[in-house]
1. Just for chain A, what percent of DSSP beta bridges are antiparallel, to the closest 5?
2. Amide H to amide H under 5 Å from residue A:206: which residues, 5+ apart in sequence or cross-chain, H placed 1.01 Å off N in plane?
3. Which entries of B:60/B:112; B:38/B:203; B:114/B:150; B:114/B:203; B:60/B:208; B:60/B:203 show an alpha-carbon separation above 25 angstrom in the structure shown?
4. Given H placed 1.01 Å from N in the peptide plane, which residues other than close sequence neighbours of residue A:183 have an amide H under 5 Å from its amide H?
5. Pull out a ≥ b ≥ c, the square roots of the eigenvalues of the alpha-carbon gyration tensor of the range B:20-303, then state rounded if a/c is under 1.5, prolate if not and a/b is larger than b/c, and oblate in the remaining case.
6. Compute the Rg/Rh shape ratio of the range A:34-209: radius of gyration over Kirkwood radius, all on alpha-carbon atoms.
7. Highest GNM mean-square fluctuation, chain A, Cα pairs closer than 10 Å: which of A:12, A:86, A:63?
8. Give the angle, between 0 and 90 degrees and rounded to the nearest 10, that separates the Cα long axis of helix A:37-47 from the longest principal axis of the Cα atoms of chain A.
Amino acid sequence: MSTRDDMLTRIAAALEGADRIPPPQREYGATTPLPDIAATFVERVEDYRAVVERVAPDGIPAAVAAALSLATRVVIPPGLPREWVATLESVDGVEVVADQGDLSSDELDRFDSVVTAAAVGIAVTGTIVLDHGPDQGRRALSLVPDVHVCVVHESQLVGDVPESIAPLRDAVDAGRPLTWISGPSATSDIELERVEGVHGPRTLHVLLVGTDHPLPPA
Amino acid sequence: MSGTFIGMPKFQTAAKEALGNSQQRRNLQHATGTIRRKRAGVVDELDNWDELRQAGAAIKDNVLSHLDTYLVQLEESLTQAGATVHWAADAEEANRIVTSLVRATGAEEVVKVKSMATQEIGLNEALEVAGINAWETDLAELIVQLGHDKPSHILVPAIHRNRAEIREIFLREMGQVGTPPPTGLTSNPRELAEAARVHLREKFLRAKVAISGANFAIAETGTLVVVESEGNGRMCLTLPETLISVVGIEKVLPTLEDLEVFMQLLPRSSTGERMNPYTSTWTGITPGDGPQDVHVVLLDNGRTDALADQVGRQALRCIRCSACLNVCPVYQRVGGHAYGSVYPGPIGAILNPQLRGTTSDVDQSLPYASSLCGACGDVCPVNIEIPELLVHLRTRVVDEHRGGIPSGEQIAMKGAAWMFSDHRRWEKAQKGAELSGRALGKKDTIGRLPGPLSAWSDARDAPTPPAESFRSWWKREKGDPR
Ligand code: SF4
């Protein structure tokens, strides 16, 4: 008998006579009403010591350039709206490269920053979910560079975790990975003292785009 | 390589040693206290916490009672998504499968994401024998590995080490296996973390093979989920060409939607955060993104034995959050090593004897590594009735030794000796439990305290012992423990 069959037989034997418990009656995907979903999102992302700014749609290029004022080599996903990095690209000494899928890990390691879009923002937990569509790119892009600027639209915000699954379902069904990001990478492994920035980007800079919120004067 | 737990002395012997180590005890008290407070804070934020726990328990019970069906479905989904599925009956078979998969790639090293399942089977040691270096990439696991040490906590395995010790380990060991730490390294946690970042980056960028576990495996879609903080998981899951994941068969969830329950329960219970920094999901192979050679090893290693025990099977609901460790007065005093397993604390006390059987000294004594104060069951996010299981397993140990001297009783008496012989020690431990949010005033708490023997007799339907304080019980019994 193969190990597979043997294991399945053992399971069946272990469950002989056991109550077969049905799935729970649960209302999946319930909404969590929040008085000001964007404000909650901003507050919760800031709790993780990430930088969050609220910008108007036409303020994205300036905000991206300001967030990356120290950057020199920036990688972007192939489907990122190019105008988002237009201001940044006009700065002397800044190189912006759109990933064509052929950069090795070592080559990616020579970029200091990455700009991506996002799929979903979860307000209560301050989480950004990437479903790695064309404007977010393959996983390595938003992992290896040390600074991640992530553009989230207010229309992508949901209240809490239960609402976040439905908008991610298509990507999973299409076989794409997901990355849930809540603040910069962090460790508390040394005497429980939190240190931000281990292997993932040490700086997470979130731009929350909404129509009511013009970029504050610089 | 980190040490194994083979040939561990029984819990009480190891506990006695650990109690003498005051540095470890201070570290532990500080750490468990901090996480306990954080957890309480974020759990209080959700007014439907109890409903979530019930949902978590119900989903797991549904999975466990249809485990054969869900595993076959998971296998199908994974295969369809381009992954190769392997089945491993025990540690030895799992190690053999993983070793031959690594060999087939020609790689001489692998990077590892912290995984309880691979620790449970002693994979690093098996790879070492095969001449393959396994690099742990979680900071705490790295500290444990470089220190030739054993993990002592599920979530923070190096909880027993302080910053000065970690600095020493880094200075002594890092350079021998890769990029050395900068000269002038201090014991500032930020500098220590930076040294680990630089040391490991070299390994991430060149690694061809990664090995992980999984927190959840979704039957419907074939999606695996890894929950982490540092980004070492993302590195391992993304950059190498080959990814091998060792997954306990109890990790299955039916649907993607079930994540809404567990992605609320796990981070809040585990690190005491609303959400952990990073969660990665992958579904077999994604062309152009991440490893293009993906393997999943479904591991039994005693789980079907636990499943066969009607009372014991609920231990398989466990999502390894470690909340029960942090509230346990016994764990807080003796630390993780005394449990002789990668699963310490209350969960270890109910899981190890079921996974490994109750033939060894340590596994026979583990069900007694508890005062039955009940704090563990109260915090468990999947409602495992840990005290009830402990009593159940005590009965099992005693039943298995019927005939000669009931060694379970002996164990119980010895177990009581270290913990209870000094009433201040005991009261302090109780205070720990009280601080954890358990109201000591609850009627049945004290009632359940009078020592291991009464729990043993309760479980055997003997008349309930007369109401008596623990200490008077002890005083009466102490002169004549047999
Ligand atoms: S038994 Fe419960 S509290 Fe303990 S680690 Fe498992 S899930 Fe967490």
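Just so you know, all these numbers are worked out from the coordinates, no wet-lab data involved. This is a predicted model, so every value here is computed, not measured.
1. Of the beta bridges lying entirely in chain A, close to 25 percent run antiparallel.
2. Residues meeting the criterion, in which the H sits 1.01 Å from N, are A:51, A:52, A:53, A:150.
3. Too far apart for the 25 Å limit: B:60/B:112; B:38/B:203; B:60/B:208; B:60/B:203.
4. A:128
5. Oblate is the answer for the range B:20-303, as a/c is 1.5 or above yet b/c matches or exceeds a/b.
6. Ratio of gyration radius to Kirkwood radius for the range A:34-209: 0.95.
7. In the Gaussian network model the winner is A:12.
8. Value to nearest ten degrees: 90.
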